[in-house]
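Single-structure report; data block below.
The values are calculated or read from the model by the stated rules, or taken from the named source; none is laboratory data. The structure presented is a predicted model; accordingly, all values stated were derived computationally and were not measured. Don't worry about glycine lacking a Cβ; one is built from the backbone with ideal geometry, like all the others, and counts go over all protein chains shown. SASA here: full protein model, heavy atoms, side chains in, ligands and nucleic acids out. Shrake-Rupley method; radii C 1.70, N 1.55, O 1.52, S 1.80 Å.
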Amino acid sequence: MVRTDGVREIEARNTLETDDGTKIYVVNKGLINGKSEEPKTFYFKTTPTFF
């Protein structure tokens with residue numbers, strides 16, 4: 001989703017499985033700012049949450 005200020009919100013959902021079969025759900029939410037064609041201004045931040 002692109003906000004009105006041009007910042008893009010991103011979200012990725014993943015499931016990890018341990019050797020003993022336990023499943024760990026991970027949600028990574030973050031922001032992307034800047035223009036990809038301008039590397040000095042382009043950056044992103046994400047934060048994982050584990051369930």
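Some notes on this structure:
- When restricted to residues that are open to solvent by less than 80 Å² (accessible area, probe 1.4 Å) and at negative phi, the range 9-28 contains 10.
- Figure legend. Inter-residue proximity from the range 1-27: first residues assigned to a loop (DSSP other than H, G, I, E, B), second residues open to solvent by less than 60 Å² (accessible area, probe 1.4 Å), beta-carbon distance below 8 Å, spacing 6+ or different chains. Indicated pairs: Gly6/Asn33; Val7/Ile32; Val7/Asn33; Thr18/Ile24.
- Some residue of the range 29-50 being open to solvent by less than 60 Å² (accessible area, probe 1.4 Å) and in contact with a Leu (Cβ under 8 Å, 6 or more places away or on another chain): no
- Pairing residues of the range 31-51 that are at positive phi with residues that are surrounded by 10 or more Cβ atoms within 10 Å (Cβ to Cβ) and assigned to a strand (DSSP E or B), at Cβ distances under 7 Å and at least 6 apart in sequence or on separate chains, gives Gly34/Tyr43.
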